[in-house]
Number of protein chains: 2
Amino acid sequence: MFRRLLSLEEARDAIQSQIKTGALGVEEIPLLEAADRVLAEDIVAMLDIPPFDRSTVDGYAVRAEDTFGAEDNRPVTLKICGTVPIGELPSIRVLKNEAAEIVTGAPIAKGADAVVMVEHTERKLDCVHVFSAVAKHANVMKTGGDIRKGETVLKRERLLGSREIGVLAALGINKLKVYRIPRVAVLSTGPEITEPGKKLPPGKIYDINAYSLSTAVLESGGKPIYLGVFQDDLAELQTALKHALDSSDMVVTSGGVSVGPKDIIPKALISLRTARLILSGIAIKPGKPTTAAVVGDKLVFSLPGHPTSALLVFHLLVRPAIQMMAGRKPEEDTETEAIAAARMFSAKGRKTFVMVALKLDESHRILAKPVSGGDSGAITTLAKADGFVEIPENVQFIDAGEEVVVRLFGPKMWRP
Amino acid sequence: MFRRLLSLEEARDAIQSQIKTGALGVEEIPLLEAADRVLAEDIVAMLDIPPFDRSTVDGYAVRAEDTFGAEDNRPVTLKICGTVPIGELPSIRVLKNEAAEIVTGAPIAKGADAVVMVEHTERKLDCVHVFSAVAKHANVMKTGGDIRKGETVLKRERLLGSREIGVLAALGINKLKVYRIPRVAVLSTGPEITEPGKKLPPGKIYDINAYSLSTAVLESGGKPIYLGVFQDDLAELQTALKHALDSSDMVVTSGGVSVGPKDIIPKALISLRTARLILSGIAIKPGKPTTAAVVGDKLVFSLPGHPTSALLVFHLLVRPAIQMMAGRKPEEDTETEAIAAARMFSAKGRKTFVMVALKLDESHRILAKPVSGGDSGAITTLAKADGFVEIPENVQFIDAGEEVVVRLFGPKMWRP
């Protein structure tokens, strides 16, 4: 065990030095299932896009030189030699002073080197009047003009959304390699907690953390494995931890780490043969009694039992760890500036986080109002807080009316 | 068919007037699967939280009056009468000048009305020295002090994240009613397109839209049903549309709506018996040849074939429609201010959207650079654009150096 509490930054470094992106390996999945996954390979174009000289408009394929001099009041007249089929290579050839009907996306007819937009023409039986001259290659996208065969189109570690998946489809790719999703086992401990859905015995409360943290795992790009509630029994917890480690890539526990006589999770952890504590206590409030260990090559986090503290520490330390394992760039929190609606105190010598709810005042300034009950175990704090304000170690308090930066819990911008 | 093109706002109104939140019905799901779902019922607390007077710290349960006058240099000494068990109702009773050991979360012992924090005490065998007086109810959360039985805790239409799911768990709820997820059938049309993964015949290109739009459906809170690629054949399309309507709550097609001779989707649509066109063309660029119809009570969107146009119109019209059907508040786009890196032109009389990529210049200003190829069918535009700039109908161009507002494609903040 360490004597000195680590600072938040030291704790972060201690955790992140254990993580190697891609260490979980890669898997090949169908393109239609690749949304929100992280690419584990560079994507090199295996074909030119477009694969042929292609019209970008509806109109007439022509030899550009035949249209020279065409103007609104002095059209050039060309003979229509046919229609370019779409979806197949054209057999039709455009000769001098001829034009071939063509639609957007069709290959340019042989002999033609430009397309006149239909808006600049007037059809007359087997002829077309062209009212606007076109330059060579006008309205034609040349073979490979968009993507050249052999070009690297998307790089490893790119997060895949609708736009990237569209580009992969364009290249004909329907299977691709992505990083495996970290499986994160989540369990709660405490003799006073009962699983939701069961009858509540006297003196007990329902478990919150295994649910809120499982969801937070999902929101961080991991796959939660809900293991439920365990009693503060050393043997039972050892078994539970072993099972959790066998079935996951990371373990997150909560409870059993207070300053009371029941610091059982750290005990159960140390009792595992290969466990190595990497942090035991952080100089933050709330969140001080946080422990993390490495067992084999797997991280085990032991978070405070207080639901708001557990979720805050998850946000500060576990979420970036999951994101790194998943190959995601640990995103910065979304922040908003606000005015402190009340004085916020810090804890002596500890970086302090104050949960705040945001609202607009009459002059449309954003107010950050500390959420009451943040210390008392109130669970409604969870639902009321939009984010938190960080007070540095060396600052005693932030006064009402001061400007503060609020780090938002949600990934989205806050809107009134 | 309408003669006049609708404005974007008129098109939005025409679509949104067809949608009734919750019309798809509700389903009951387990709490662990409720992340990112929308609550379809008000949640009323069926129990007090906490369900008993509860200690919020580790320490000693006392009668507050027994601690009066206690100070750092003049402690009060109390006799320890036992330990309050956690997880069951205490049988122990604290009498005058007695204290009972207690941990965070344990029910207060009978007779006691406050808890002294362990940090303010010193244990001596069967006595405890108390160095700080406590007021009545200090460090005790009263029954119902957090949530009162009968209170409405979360309202219908609340989007469920880790914090809300924690609150629901606290209430013992492990099943809940959420709005059904809209199923959106997605299909592409065009004789020139082939499904990715297949061999590419000469003159053809791979389908993009069914993939990018399926992913965009997912990103909007819908469930995509990928139907693939169909030829521009009226009978085949009628069958495909009927099948799509039977298996989904909304249909999104792309292609087959250009100004060329192949406007087949609108034809296939009108041929369906109960179809009613609600818009046919919008005064925007790109995206003009967009059609929408109502068949029975289902919306059918027919988007342009150009991948970037299709995704833009999806973003402007289809995404908010899916969000409304799912019970989500159609979120505003995330926006960022930027400096135009080049002149951007508008199309005459049409609201124009210019795709832009963002980057920082040397003075850390955000530059919005128009992505080349936006008009030409280039698919790389998709992957390069971070968002788009809207140029109003009555503005000819935005000059390089002017401030612009960029609406971001992703839901997240853009970061360099």
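The values are calculated or read from the model by the stated rules, or taken from the named source; none is laboratory data. Keep in mind that what you see is a predicted model, and the values were worked out from it rather than measured. Quick reminder, even Gly has a Cβ in these numbers, built from the backbone with ideal geometry, and neighbours come from all protein chains shown.
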### Query
Are any residues in region B:347-372 modelled with pLDDT under 90 and small (Gly, Ala, Ser), and if so, which ones?
B:ALA347, B:GLY349, B:SER363, B:SER372
### Query
Among (1) within 7 Å of chain B (Cβ to nearest Cβ); (2) hydrophobic (A, V, I, L, M, F, W, C); (3) buried (at least 24 other Cβ atoms within 10 Å of the Cβ), where does A:LEU218 come up short?
(3)
### Task
Starting from region A:274-290, take each residue that is of a type in the set (D, E, K, R) and list its partners that are assigned to a strand (DSSP E or B), counting only C-beta distances under 8 angstrom and pairs at least six apart or across chains.
A:ARG276/A:ALA293; A:ARG276/A:VAL294; A:ARG276/A:VAL295; A:LYS285/A:LYS351; A:LYS285/A:THR352; A:LYS285/A:PHE353; A:LYS288/A:ILE282
### Message
Which residue is farthest from B:VAL26 (Cα to Cα), if the candidates are limited to region B:44-57 and must be assigned to a strand (DSSP E or B) and facing chain A (nearest Cβ under 10 Å)?
### Response
B:SER55
### Query
within 30 Å of B:MET117 (Cα to Cα) and not in a loop (DSSP other than H, G, I, E, B): does that describe A:LEU299?
no
### Query
When residues of region B:85-127 are filtered for being away from chain A (no Cβ under 14 Å) and either within 11 Å of B:VAL62 (Cβ to Cβ) or buried (at least 19 other Cβ atoms within 10 Å of the Cβ) (or both), how many remain?
9
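Which residues, counting only those in region B:269-301, are touching a Gly at 6+ places or on another chain (Cβ under 8 Å) and closer than 30 Å to A:ARG123 by Cα?
Going through region B:269-301, the residues touching a Gly at 6+ places or on another chain (Cβ under 8 Å) turn out to be B:274, B:283, B:286, B:288-291.
Within region B:269-301, B:ALA283, B:PRO286, B:LYS288, B:PRO289, B:THR290, B:THR291 qualify.
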### Task
Mind listing just one residue for me: the one in region B:170-201 that is over 22 Å from the mean Cα position of the chain (by Cα), farther than 30 Å from A:GLU192 by Cα and aliphatic (A, V, I, L, M) and, of those, farthest from the other protein chains (Cβ to nearest Cβ)?
B:LEU187
### Query
Hey, does region A:16-36 have a residue that's assigned to a strand (DSSP E or B), within 30 Å of A:PRO182 (Cα to Cα) and among the aliphatic types (A, V, I, L, M)?
yes
### Query
Could you say which residue among B:SER132, B:SER91 is hydroxyl-bearing (Ser, Thr, Tyr) and closer than 17 Å to A:PRO202 by Cα?
B:SER91
### Query
Identify, please: which residue in region B:256-285 is at pLDDT 90 or above and crowded, with 24+ Cβ neighbours inside 10 Å and is, among those, nearest to B:ALA235 (Cα to Cα)?
B:ILE282
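Looking only at strands (runs of 3 or more DSSP E) that lie completely in region A:130-240, which have at least 2 residues being in contact (Cβ under 8 Å) with a residue 40 or more places away in the chain and in contact with a Pro (Cβ under 6 Å, 6 or more places away or on another chain)?
Result: A:183-189.
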### Query
Restricting attention to region B:221-236, does a residue exist that is among the hydrophobic types (A, V, I, L, M, F, W, C), buried (at least 22 other Cβ atoms within 10 Å of the Cβ) and facing another protein chain (nearest Cβ under 9 Å)?
no
### Message
Could you check region B:48-71 and list, in sequence order, the residues that are hydrophobic (A, V, I, L, M, F, W, C) and buried (at least 24 other Cβ atoms within 10 Å of the Cβ)?
### Response
B:ILE49, B:VAL57, B:ALA61, B:VAL62
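A quick yes/no check of all residues on (1) touching a Lys or Arg at 6+ places or on another chain (Cβ under 7 Å); (2) of a type in the set (Gly, Ala, Ser):
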{"site": "A:SER7", "(1), (2)": "no, yes"}
{"site": "A:THR21", "(1), (2)": "no, no"}
{"site": "A:VAL38", "(1), (2)": "yes, no"}
{"site": "A:ALA45", "(1), (2)": "yes, yes"}
